[in-house]
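Structure first, then comments.
The values are calculated or read from the model by the stated rules, or taken from the named source; none is laboratory data. The structure presented is a predicted model; accordingly, all values stated were derived computationally and were not measured. Positions of Cβ are backbone-derived with ideal geometry, glycine not excepted, and every protein chain shown enters the neighbour counts.
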Amino acid sequence: MSESPAHSYVKYSTIFFALCICTALSIVFDVIDLKEKNFIGLNGVVLVALIVLAIACAKALFVMIYFMHLKFEGKWKYVLLSPTIILAMGLTIAMTPDIGIHYYTNESPQIDYLKQAQQASSESDSAKNAENSHAQ
């Protein structure tokens, strides 16, 4: 009698709880105020972004390995996934100046325009008040 190899099975509830813990960790690190602190030469904003992205990658890895059943596929899966990985890295690098710099700050053109409009409005109101008081 030949013995059949033992098939490993996955408890999906364990993976679900791991995903829940990863989600909770990413929320905790996003809520913690590390913006003004400096860690190991890294700005707090950069550190938070790196931690949250690392947790997101871990969650994606859990989903790919267990829910997409890639754990049981052959080595060819790396050949198929390599263009996707290169594209994801390239897009991340290309979008960093646009998204990464202003993600945790309120610096945006819309806010600048709003401040300019409020300032112009207050200047026109003060000019009208000065004109009305001068006319009286």
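Using the structure shown, decide if residue 126 is over 25 Å from residue 50 (Cβ atoms), modelled with pLDDT of 70 or more and surrounded by 10 or more Cβ atoms within 10 Å (Cβ to Cβ).
Spelling it out, residue 126 is indeed over 25 Å from residue 50 (Cβ atoms), modelled with pLDDT of 70 or more and surrounded by 10 or more Cβ atoms within 10 Å (Cβ to Cβ).
For the range 1-56, give me each residue that is modelled with pLDDT under 70 and hydroxyl-bearing (Ser, Thr, Tyr). Correct list: 2, 4, 8, 9. Within the option set 59, 77, being closer than 23 Å to residue 12 by Cβ, at pLDDT 80 or above and surrounded by 12 or more Cβ atoms within 10 Å (Cβ to Cβ) holds for one residue only, 59.
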